Each structure stands twice: as C-alpha cells, then as structure tokens.
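Data block below; observations after.
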Amino acid sequence: MGARDNRLSTSSGFVRIAATIAVVAAVLVVAFMLLSGGSSYTVNARFLNSSQLVNGNQVLLSGRSVGSVEKISVTDDNRAEVKLKLLESVAPLPQGTKMQIRSTSLSGVANRYIELKMPEDRKGAKNIKDGGTVPTDETTSEVDLDQIFNTLDRPTRQALQQTIKGLKSLYQDAGKDGNKAIELSNPLISTSRRFIGELNRDEAALEGLIVDGAKVTGALKERRPDVAGLITNLNDTTAALSSRRSELARSINQLPPFMRQANTTFANLRGALTDVDPLVEASKPVARRLRPFLPALRRFATGAVPTIRDLSAALRRPGADNDLVELTRAQPALARIGVGPVQRNGATRQGTLPESVTALRDSIPNLSFFRPYTPELVGWFDDFGHSGQYDANGGFGRIFVNLNAFAASVDNATNVPVVGPLLTQADRITALKSGGGVTGYRERCPGSGERDPGDGSTPFTDGGKLDCDVSQVPVGP
C-alpha cells in the first residue's frame, strides 16, 4: 500500500512539473511574439480626409480581414495619413492598389473600414515596400450624408426638411390604408404586365417612341431658360390658385353643370372641325412662312414681360386711389363735375367744361390783341437764355440806355466825375430830349423794334386793323 502511494505521488509530481514547463514555454512564446512584434507589413495611405476612421478599424480584401488601422495623423499639406498594419499573406501590395474608406451601415458611428482593390494586371507591376506610401490619387474617402446636404443652399435644405415632414404626416397612421391600396393594386399590376407585353410586341413603335422622346428631351435641354421660365410661371400660377381656394372650390362645384351644358357644344364642334379642315390645309403654306417670324415674336414676348408687369401694376395696385381701376370708378363723379350743373357755395353753377368754354370764348378778344405780339413775347423769353445776334460782320446786340434820376457831370477844377442832385420829373424829360431821346412810346405796333427791311413787313398792322402808332420806331436811320 505504501509503495503504491509512493508511485502515485511520484507520478503526480512529474505531471505537475510537466504542466508547469508547458505553461512557462507558452508564456515565453507569447512574450517573444509580443516583444518581437512579429513580421507584419505596414503601408501608409494618404486620404483627403480620414472619414471618421479610428485605430483598430479593419482592412478588408474581397470581404476578408487582412489587417487593421494602426495610426492616423495629419500631413503638412492637411491630408490624412493612415498607417495600415497588414498580414504577410497579402504582402507586398503591388503599385496601383486602390484603397477606399467604406461604411458598414448608416446607423453606426465610427464603423468604417478600408477596402483594398488589387490592380487587374499585376504582371510587371512594382511592389510597395514595407512602410511605403499610397498617394492620394489611389485612395478614396467616404462621402458622408451631411456632405451631400452641405452642397445644397439653406432654402433648399429647408424645403427638403419640409418635404420629409410632409411625407411623414402623409404616411403616418396610414398602414392599413397602404395595405388596402397594395391589395387593390393587383389589377393594376396585371394590366401593366399585359401593357408591357403589348409594348414588346410592337418593338418598332416602342423604339420610335423612345427616339422621339429623346429628341423632345434634347429640344427641352436646348431651351433650358424657356423651360425654367415656364416652371417659374407655373409655380406662380399654382401659388395664385392656392391663394384663391374658395373661388377655386366654387369653380369646381360649377364645373359639372358647365360640362353638361357644354356637351351639346362639343357635339356640334365635332362637325365644325370637319368644315375647318380645308382652312387648315390652306393655312399650312402661310404657317411655314410664319416660322422665321416666331423667334422674333418670342423675343418680343420676352421683352414685353416688364411692360406687362408695369401695366398690371398700373391696372391694379394695393392701396387707395393709385391705379386705373379706381380711376375708372371715379369717372362718373368726374363726369358730373365736368358737365354740371353742380351745387357749390350755395348756388347752382356750370360744370368745369361749360365754364372752360365760356372762359375761352370771353378771352378771344384778348388773345386776338396779343397774337400779333407773339414775336416780341418769344424774343423776350429768348433774351433770358442769350443776348445778341449774328450778321456778316459778326456778333451784335441792341443796347438801350437806362437813365437814372440824377445827373452826372465833371468838376472843372479837379476834372473828377461827380453825381449831381436828383432830377425832378420835368428835368428828366428835358434831359432826355436834349440828348436825342424820345418819350411816350406806349402804342408801338408789333415788330416795331426791327428796321423795315424794305418790303413793308414791319411794323405789322394787320392791314390797318391794329390800334397802334406806326411812327413809334427806333431812333436813327
């Protein structure tokens, strides 16, 4: 019994010693691998941005993990340099290897990985050395959803938000109705299948439809500004219709009776179209000739938009007493004032127009008297702008002397001009006549300020009908 116990204890001791040696050997192997760092292969890849990469993200090749992200840094030219630690099984990478940052899903954060794509033809390609760099033109960063939204301006982003909210309110609590709609869409799907079958049966017609559709699309592309203007005008029209919802609702309610009444008109119109066919055939040559005129008409219509807009503002404008509609409404009151009679200041008086006729009729004698003096009046107005005339000798001007109410003389002792005392009324006339002047010219005829050119045209007396003195002419020959 004792020998057996000794053998068991000896056997157990050997087992314990062997187990201890195995554990120590495993620890040494692990420590050697950790301390030596293995024989891994590293590559530095430069991206425009790191796209939320973190240390430890996987590197995949054909869906298999072949390495991980070891370090991320920023270069001097503001690029993201990502150090990749790859397995020896894929080392070395050939030049031309593409690297792209991808997302595992849209719902995660920092769930990126780098996908490797080997070049199709690796023969003759050089390898990337351990620690080498993959340039930016061989890498592709991840495009995040917010980058797409950042390409839109603020009004567009707000409109997109409103659209998403509108879709939410549209489909919220509409699951049962949606299921019912799907159930009822079975006939649509079956008929669509038959419709597609009919399209496939007539491939020539389908091809013609597609070709014509492409031509229409190309024509619309060439007319992009016109299409944009059409969409803008359609938007304005739709907005105007939405602002008149009550009127639109009344119009829709009145539409069925109108359509019933129009049924007879449409039936008669069908027969009238047959009668119009000869007119259409006769108009075709004229329509071809009008083709060059249409572009000019289009330019005219485009240029007339500001005029039409101004005319619309003149016809109807917010506010009081500032448009043609209100002016038209004021015409009856204006007509009453203009025609009369009206009550003003406690008496019955003529209207504005009859009163104007009376005033013009009464002013005819005065106008007849002043009409011959029109040249003098025009000359008087003209003198405010310039003075003098021109003849063969050059410029000349008529000068009239204005005498003051005092006399100027020279002192004989000092030979200095002096101003004498004020002249009396009698002395003024005597001094004027002694100097060759004339007074009392108050009945001059029209044109008497000019010399008679020899044809008797000045002064003008209208055949002796004017009450004027033909002897009152300028002094001198």
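The values are calculated or read from the model by the stated rules, or taken from the named source; none is laboratory data. These numbers come from a predicted model, not from an experiment. For neighbour counting, all protein chains shown are included, and Cβ atoms are generated from backbone atoms with ideal geometry for every residue, glycine included.
Considering only residues that are in contact with a helix residue (DSSP H, G or I) (Cβ under 7 Å, 6 or more places away or on another chain) and in the same structural domain as residue 354 (by TED's automatic domain parsing), which ones fall in region 321-341?
Step one: filter region 321-341 for residues in contact with a helix residue (DSSP H, G or I) (Cβ under 7 Å, 6 or more places away or on another chain), giving 323-325, 337-340.
Matches in region 321-341: 337, 338, 339, 340.
So which of 248, 255 is surrounded by 10 or more Cβ atoms within 10 Å (Cβ to Cβ), of a type outside the set (Lys, Arg) and over 30 Å from residue 324 (Cα atoms)?
On the way: 248 fails: over 30 Å from residue 324 (Cα atoms).
None of the other options fit; the residue is 255.
Can we say residue 111 is loosely packed, with under 14 Cβ neighbours inside 10 Å and within 52 Å of the chain's Cα centre (by Cα)?
Numbers: loosely packed, with under 14 Cβ neighbours inside 10 Å: no; within 52 Å of the chain's Cα centre (by Cα): yes.
Taking the combined requirement at face value, the residue does not satisfy it.
Within region 323-349, can you find the residues that are within 45 Å of the chain's Cα centre (by Cα) and small (Gly, Ala, Ser)?
Here is the first cut: in region 323-349, the residues within 45 Å of the chain's Cα centre (by Cα) are 323-335.
Listed by number, the residues that qualify are 330, 333, 335.
What are the pairs, 6+ residues apart or on separate chains, where a residue within region 137-153 that is within 11 Å of residue 99 (Cβ to Cβ) has its Cβ under 7 Å from a residue that is small (Gly, Ala, Ser)?
What qualifies is 139/45; 141/51.
Tell me the residue from 163, 151, 156, 97 that is surrounded by 14 or more Cβ atoms within 10 Å (Cβ to Cβ) and either at pLDDT 80 or above or not assigned by TED's automatic domain parsing to the domain that holds residue 59 (or both), please. Steps first, answer last, please.
Values: 163 fails: surrounded by 14 or more Cβ atoms within 10 Å (Cβ to Cβ); 151 fails: surrounded by 14 or more Cβ atoms within 10 Å (Cβ to Cβ); 156 fails: surrounded by 14 or more Cβ atoms within 10 Å (Cβ to Cβ).
Sole residue among the options that is surrounded by 14 or more Cβ atoms within 10 Å (Cβ to Cβ) and either at pLDDT 80 or above or not assigned by TED's automatic domain parsing to the domain that holds residue 59 (or both): 97.
Please verify whether region 139-146 includes one or more residues that are surrounded by 10 or more Cβ atoms within 10 Å (Cβ to Cβ), in contact with a Leu (Cβ under 7 Å, 6 or more places away or on another chain) and either in the same structural domain as residue 87 (by TED's automatic domain parsing) or closer than 30 Å to residue 51 by Cβ (or both). Full working, then the answer.
The first filter runs over region 139-146 and keeps only residues surrounded by 10 or more Cβ atoms within 10 Å (Cβ to Cβ), leaving 139-144.
Pick out the ones that are also in contact with a Leu (Cβ under 7 Å, 6 or more places away or on another chain) and you get 141.
Retained after the next criterion (residues that are either in the same structural domain as residue 87 (by TED's automatic domain parsing) or closer than 30 Å to residue 51 by Cβ (or both)): 141.
Checked region 139-146: at least one residue is surrounded by 10 or more Cβ atoms within 10 Å (Cβ to Cβ), in contact with a Leu (Cβ under 7 Å, 6 or more places away or on another chain) and either in the same structural domain as residue 87 (by TED's automatic domain parsing) or closer than 30 Å to residue 51 by Cβ (or both).
If I filter region 189-206 for residues that are touching a residue at least 60 places away in the same chain (Cβ under 8 Å) and outside any strand (DSSP E or B), do I get at least one hit? Quick ask: steps written out before the conclusion?
Going through region 189-206, the residues touching a residue at least 60 places away in the same chain (Cβ under 8 Å) turn out to be none.
No, there is no match, as no residue in region 189-206 is touching a residue at least 60 places away in the same chain (Cβ under 8 Å) and outside any strand (DSSP E or B).
Looking at (1) outside any loop (DSSP other than H, G, I, E, B); (2) modelled with pLDDT of 90 or more, which is the only condition residue 89 fails?
Every listed condition holds for residue 89 apart from (2).
With (1) over 30 Å from residue 146 (Cβ atoms); (2) surrounded by 10 or more Cβ atoms within 10 Å (Cβ to Cβ) as the list, and residue 175 as the residue in question, which single condition is left unmet?
Failing condition for residue 175: (2).
Mind listing whichever residues of region 439-465 are in contact (Cβ under 8 Å) with a residue 60 or more places away in the chain and farther than 18 Å from residue 374 by Cβ?
Result: no residue meets the conditions.
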